[in-house]
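The values are calculated or read from the model by the stated rules, or taken from the named source; none is laboratory data. As the structure is a computational prediction, the values presented were derived from the model and not from experiment. No Cβ is skipped: glycine too gets one built from the backbone with ideal geometry, and neighbour counts run over all protein chains shown.
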Amino acid sequence: MEYIVSIIMPTFNSKLTIVDTLRSVFDQSITDWELIITDDCSIDGTYELLSKISINEPRIKLFANGVNSGAAVSRNNSLSKAKGKFIAFLDSDDLWLPNKLEEQVTFMGDNIDFSFTAYELISDEGKKLNINVDTHQVSPLGYQDMLKKKATLGCSTVILRRAVFPDLTMPLLRTGQDYALWLKILKLDVKAVPYNKVLTQYRIMPGSISRNKFKKSLRQWEIYRRVEGLGVIYSCWCFSFYAWRAVFRK
């Protein structure tokens with residue numbers, strides 16, 4: 001069976017948030033989706049909980065890594081099993097608004113192959129923080145734009161047209177593998193087209209790497225130098241744009 005959307009989700013010790021995240025998928029206004037979850041050796045009962053839920057929900061396809069390997073390996077495993085016309089990404093602690101998939105797929109139509117939406121930040125308890133991200137984006141973004149991080153492109157906001165991209169394998173980085181994939185795709189002369197409406201809620205978890213600016217900076221530099229193979233001078237030039245955005249964005 002070919003679904004309209006294949007949803008790619010990695011999990012690791014997500015028991016406290018996964019039920020709310022799944023509910024946001026079940027509440028979608030379109031129902032022709034498959035949710036492909038790969039668990040990364042959770043020790044908090046996440047896999048067992050998902051196993052029980054998936055018994056009565058055939059659209060959930062549940063897998064597990066043999067050893068703890070990171071989100072890139074988990075996502076790549078799920079991507080290899082996707083059958084949908086579109087690929088959507090959703091992290092196990094984020095939430096979608098009920099019309100997210102329908103609005104974004106309709107927006108993409110037959111001509112847009114890579115889209116992303118704006119999103120809002122919520123606390124670990126699910127309270128709105130009154131901070132929206134990427135709402136100002138109006139122009140499509142190319143490879144050079146993303147090197148300079150002209151948009152955040154939250155992973156849980158992105159949808160891709162599967163047939164256009166024969167290789168969606170994420171680079172094997174412990175963090176930042178989604179950003180590295182966007183760069184990989186944009187080098188194909190594709191544009192990331194914004195739909196600047198908030199359709200996703202991004203949960204801020206205490207102690208997460210995504211909120212540690214020093215670790216994020218090291219990750220950014222690693223992607224410039226090791227993954228993209230940029231020279232030192234051009235890496236510094238791109239990093240200056242990234243740093244400016246990091247300072248003036250919450």
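In region 209-250, the residue that is modelled with the lowest pLDDT out of those that are loosely packed, with under 14 Cβ neighbours inside 10 Å and polar (S, T, N, Q) is Asn212. Counting only residues that are touching a Pro at 6+ places or on another chain (Cβ under 7 Å) and not aliphatic (A, V, I, L, M), region 33-76 holds 4 of them.
Checked against (1) under 20 Å from Lys100 (Cβ atoms); (2) free of Cβ contacts under 8 Å to residues at least 60 places away in the same chain; (3) β-branched (Val, Ile, Thr), Ile43 passes all but a single condition, namely (1). For region 1-40, the set of residues classified as among the hydroxyl-bearing types (Ser, Thr, Tyr) and closer than 25 Å to Asn99 by Cβ consists of Tyr3, Ser6, Thr11, Ser14, Thr17, Thr21, Ser24, Ser29, Thr31, listed by residue number.
Applying the condition of being part of a strand (DSSP E or B) and aliphatic (A, V, I, L, M) to region 128-166 and asking which residue is nearest to the chain's Cα centre (by Cα) yields Ile159.
So that you can scan it fast, the table gives a plain yes or no per residue for (1) closer than 20 Å to Gln201 by Cα; (2) out of contact with any Asp or Glu (no Cβ under 9 Å at 6 or more places or on another chain); (3) crowded, with 21+ Cβ neighbours inside 10 Å:
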site: Thr152; (1), (2), (3): yes, no, no
site: Ile159; (1), (2), (3): yes, yes, yes
site: Val164; (1), (2), (3): no, no, no
site: Met170; (1), (2), (3): no, no, yes
site: Tyr179; (1), (2), (3): yes, yes, yes
site: Lys184; (1), (2), (3): no, no, no
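Residues that are touching a strand residue (DSSP E or B) at 6+ places or on another chain (Cβ under 9 Å), of a type in the set (A, V, I, L, M, F, W, C) and surrounded by 15 or more Cβ atoms within 10 Å (Cβ to Cβ) were ranked within region 116-150; the one that is nearest to Asn196 (Cα to Cα) is Ala118. For beta carbons closer than 9 Å, sequence separation of 6+ or different chains, a first residue in region 51-70 that is within 14 Å of Lys81 (Cα to Cα) and hydrophobic (A, V, I, L, M, F, W, C) and a second that is part of a loop (DSSP other than H, G, I, E, B) and modelled with pLDDT of 95 or more, the qualifying pairs are Phe63/Lys81; Ala64/Asp40; Ala64/Cys41; Ala64/Ser42.
Checking the structure you have, find out if any residue of region 202-219 is over 14 Å from the mean Cα position of the chain (by Cα), in a loop (DSSP other than H, G, I, E, B) and of a type in the set (S, T, N, Q). Yes, that holds for at least one residue. Here Pro206 fits the description: surrounded by fewer than 17 Cβ atoms within 10 Å (Cβ to Cβ), out of contact with any strand residue (DSSP E or B) (no Cβ under 8 Å at 6 or more places or on another chain), under 27 Å from Lys100 (Cα atoms) and in contact (Cβ under 8 Å) with a residue 60 or more places away in the chain. The residue of region 89-111 that is surrounded by the most Cβ atoms within 10 Å (Cβ to Cβ), among those that are touching a Lys or Arg at 6+ places or on another chain (Cβ under 8 Å) and closer than 24 Å to Leu188 by Cα, is Phe89. Annotation: of all residues in region 135-144 being at pLDDT below 95 and not polar (S, T, N, Q), the one that is nearest to Asp20 (Cα to Cα) is His136.
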